[in-house]
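The values are calculated or read from the model by the stated rules, or taken from the named source; none is laboratory data. Please read all numbers here as calculations on a predicted model, not as lab measurements. Positions of Cβ are backbone-derived with ideal geometry, glycine not excepted, and every protein chain shown enters the neighbour counts. The area values use the complete protein model at the heavy-atom level, side chains included, leaving out ligands, DNA and RNA. Shrake-Rupley method; radii C 1.70, N 1.55, O 1.52, S 1.80 Å.
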Amino acid sequence: MFVKIAFGNIRRSLSDYSVYFFALALAACLLYSFTGSGDYLLSLDLTDDQRGFYETCSSITQAFSVFSVVVFAFLIVYANRFILRRRSREFGLYQLLGMEPGLVARILCYENVLVGLLSLAAGIGAGVLLSPLMGSVTAFVFNAPWAFRIALSQNAALWTAECFAAIMAAATLLSIRELGKRTLISLMDAASAPEKVRRIRLFPPVVQGIVAAALLAMVWGMCILQPVQFIMLMIPLGFAAVFATGIVFRLQAQRRPRRARKHPDRYWQGLRCFTLRQIEERVSSGSNALACTCVLSAVGICMMVAGFAFSVGMRGPGSSAGLADTMAPVGFIGIFYGATFLVSAMAVLALQLMTAASDSQQRFRLLEQLGCERRLMERSLRSFVGYCFVTPTAFALVHCVFGLLLIGFLALVIGSQSYGLVCAGCIGFALALFGVYFLLTYAVSKRMLLRPLAEGEGAATS
């Protein structure tokens with residue numbers, strides 16, 4: 001009976017689970033594709049020497065796949081938080097009707113298992129179908145002959161299933177634990193209550209701005225002037241960059257409405273005041289998540305550039321063939337992790353904005369009751385989503401300037417060529433990916449916010 005209820009809930013909540021399902025399937029597809037990259041290579045027509053070399057590289061890439069598991073665990077946990085927040089009121093209604101909390105937790109567990117199995121099958125299936133494309137990229141990086149071939153890696157599928165099951169089990173336990181900690185009132189009001197995020201209140205904005213500028217100057221300065229120390233201290237410096245970037249986003253979101261109020265003719269035009277208020281509240285409270293997206297995107301772009309520069313860029317005239325073969329695994333790891341970080345960052349940002357859209361349903365419903373035109377609400381939503389995408393993207397490119405200077409110096413030392421073309425291609429790919437995620441996020445947010453209003457209008461007229 002509980003399995004039937006869980007399946008019915010999934011079918012009834014397709015608008016919510018579509019985003020959740022896509023995030024899980026994407027994580028499974030990328031994890032499978034990276035782990036099975038060695039099998040893609042070994043399925044090609046290789047010499048005995050190439051085969052032995054690539055078998056060694058396959059073990060190296062599988063060892064590095066542990067780091068991708070950590071990234072995807074963060075993504076899946078964040079996605080679980082999104083779906084739990086969206087459906088808290090429904091779980092509260094179950095308890096209000098007399099269902100024990102343990103039975104509600106069991107339904108949630110069944111739902112996660114069903115969605116996890118479907119997304120795992122879809123992710124591995126997509127990875128198998130995309131294996132010719134993945135194989136072409138792998139062969140291009142390793143400078144190996146390529147032929148169209150669909151490859152199924154049993155070891156990669158088993159590894160992906162094991163890691164995915166462990167991550168989903170941990171995420172489900174965290175969701176059940178979070179559900180058990182909430183009272184009935186908090187569950188019923190979860191859809192309208194904004195997320196509680198700690199803010200820095202000990203220091204005035206001027207002091208916070210000075211601290212952010214000092215941290216960014218330290219990170220960027222070490223990247224340019226002390227590259228060896230920067231590489232050794234990359235993780236703590238990354239946290240410093242996230243902290244400083246979060247302060248910048250928060251101060252910018254708070255100052256923008258104050259500057260706009262100085263021009264009343266523009267401030268009160270359309271829903272500009274409402275949009276700026278949304279930006280001030282959401283970006284200020286979610287500045288840390290935006291900062292993580294920004295820094296993760298910058299790291300992803302830099303890693304992709306380094307991957308291509310240290311592999312494909314080593315094949316020009318005058319370059320050593322042995323050095324190019326040796327750097328190929330490093331290049332492939334950089335390309336894959338760069339793409340993984342970009343996709344994960346955009347997925348987290350999309351889920352965050354969809355959560356904000358879910359929290360804003362009552363506000364848009366009030367605008368509709370006040371007689372606001374639908375096109376104005378669409379423009380306000382588009383401006384808000386666009387700001388939340390453009391701001392971290394633009395600042396990520398600022399971070400990339402310093403990272404790409406460091407990579408360019410290393411590429412010059414080892415003799416890599418066509419560095420400018422590599423940078424342009426990777427940045428273009430990242431911007432195209434950002435654009436796709438922006439369109440998808442806006443479309444889903446629009447459906448979440450404005451479709452209920454249209455349905456209400458239709459019911460009222462009928």
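Some observations on this one:
- Taking all protein chains into account, the per residue accessible area for the range 361-413 stands at 52 Å² (1.4 Å probe).
- With every protein chain in place, the range 255-387: carbon and sulfur % of accessible area (1.4 Å): 56
- Stretching Q229 away from K4 to a fully extended chain increases their span by 75.3 nm, per 0.36 nm per residue minus the current alpha-carbon distance.
- Of the trypsin sites (Lys or Arg not before Pro) found in the range 351-436, no site is in coil according to DSSP while having at most 11 other Cβ atoms within 10 Å of its Cβ.
- Projected label points at Y267 and V398, each 7 Å from Cα along the beta carbon direction, are separated by 2.5 nanometres.
- Taking 7 Å steps out from each Cα toward its Cβ at R382 and Q254 produces label points 3.2 nm apart.
- Model label sites at V113 and A443, defined 7 Å from Cα along the beta-carbon direction, differ in position by 3.4 nm.
- Over the range 243-326: Rg over Rh, Cα atoms, Kirkwood Rh: 1.36
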